[in-house]
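Notes follow the structure.
The values are calculated or read from the model by the stated rules, or taken from the named source; none is laboratory data. This structure is a prediction, so every number in the text was calculated from the model and none was measured. Backbone-built Cβ (ideal geometry, glycine too); neighbour counts: all protein chains shown.
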Amino acid sequence: MGGIVIDGKTKLLGLLGNPVEHSVSPALHAALASLRNDNYAYLAFKVEEDRLKAAVDGAYALGAKGLNVTVPYKKAVMPYLCEIDEKASLLGAVNTLVRTEHGFKGYNTDMPGLYRAMKYDGVEITGRPVVVIGAGGVSNAVLGMLYEARVPQILILNRTKEKADVLAERFKSAYGSDVTKIRTASYDEDYLKIMTGIEQEMTDHNPGSTEEPGSPGRWIAIQATSVGMSPGTDAAAIDQSAFYQKIEVGYDLIFNPAETKFMKLVKQEGGRSYNGLRMLLFQGIYAYELWNDISVPDEWAGEVLNKLEELI
Ligand code: ATR
């Protein structure tokens, strides 16, 4: 892939956040621009909190075609936008700004990005119980995706139960409890018993099912804490093997290291596991699609993924 030659027609794309130095988004978008022969420069801007509005207005004034927004501004940026997509508004977090006539419109591409990443990896979540580990900003997007995908059962496990409860209540009041049931537990509670109870409930609702409650490998687990991230790579939020015996697919949203302790534990008990690089990839691809009103084919996704793997 060749590089972009900057000239008088080059359009600006960029990332607002703090810190941004280690972001792979510039490489991701440079690769997409190069594949499409688009004349863009995507830069990472480290913005101080009290300059966030100035940064958004300034980028608009400079004709920026679009921006990504990362930690810690996914919520803070919302008041400075002319419009917010309904799903992003429900989530209370925006990671992509698209230029319109009147200002930037905000979207959240983390949520559909994860869904598409799972599809790309051949992970089917329909009808599955899902356990989400963590209750921070990343879990918020994960829960939005799970509710949109209408999964039947969600269990949030988090060190601080109150944070899991706040998150669960928000989604319960937005989506109701008819389709998706949600529960929470801390690591100190007997969450294995709660999981077995959920399995039993699913079997009772589906009497034709051949799967026994407690049978191994029924659950999808999504790891959304920062535990296990480099340099603390020998840790996992949960390490009991009885938990991992229940997991068919483990999805860690960490991508550095490429194989986390969580992923190893899933594999040790016979499950499949994936890291968060594809979620990162597809949230970026969705943003690029929004900026250009195009669809990026899967072959390109594969090429960009190779590039990101080399980089990390
Ligand atoms: P993010 O936006 O990346 O989700 P966050 O909002 O700080 O970041 O959330 C980090 C998540 O990792 C939380 O679920 C946090 O648990 P708490 O809610 O109990 O703080 C979890 N986490 C971070 N460090 C942890 C640790 N050492 N052990 C267990 N969980 C941890």
Checking the structure you have, find out if any residue of region 174-189 is crowded, with 19+ Cβ neighbours inside 10 Å, within 16 Å of the ligand (Cβ to nearest atom) and more than 25 Å from V94 (Cβ to Cβ). yes
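Can you work out which of the residues in region 9-39 that are of a type in the set (S, T, Y) and assigned to a loop (DSSP other than H, G, I, E, B) is surrounded by the most Cβ atoms within 10 Å (Cβ to Cβ)? Talk me through it step by step, then tell me what you get.
Going residue by residue through region 9-39, those that are of a type in the set (S, T, Y) are 10, 23, 25, 34.
This time we only want the ones that are assigned to a loop (DSSP other than H, G, I, E, B), so: 10, 23.
Numbers: T10: 14, S23: 17.
So, considering only residues that are of a type in the set (S, T, Y) and assigned to a loop (DSSP other than H, G, I, E, B), the one surrounded by the most Cβ atoms within 10 Å (Cβ to Cβ) is S23.
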Filtering region 146-173 down to residues that are farther than 20 Å from I125 by Cβ and among the β-branched types (V, I, T), which residue is farthest from the ligand (Cβ to nearest atom)? V166
Taking region 243-272 and keeping only residues that are part of a strand (DSSP E or B), within 19 Å of the chain's Cα centre (by Cα) and buried (at least 22 other Cβ atoms within 10 Å of the Cβ), one is left with V249, G250, Y251, D252
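Among the residues of region 130-141, write down those that are closer than 18 Å to G228 by Cα and within 9 Å of the ligand (Cβ to nearest atom). Steps first, please.
Residues of region 130-141 closer than 18 Å to G228 by Cα: 131-139.
I133, G134, A135, G136, G137, V138, S139, listed by residue number.
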Note on V266: of the conditions (1) within 16 Å of the ligand (Cβ to nearest atom); (2) in contact with a helix residue (DSSP H, G or I) (Cβ under 6 Å, 6 or more places away or on another chain), unmet is (1)
Based on this model, can you work out whether V98 counts as in a strand (DSSP E or B), modelled with pLDDT of 95 or more and over 30 Å from G58 (Cα atoms)? no
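Would you check if A44 is at pLDDT 95 or above and over 18 Å from L308 (Cα atoms)?
Details: at pLDDT 95 or above: yes; over 18 Å from L308 (Cα atoms): no.
So A44 fails the test.
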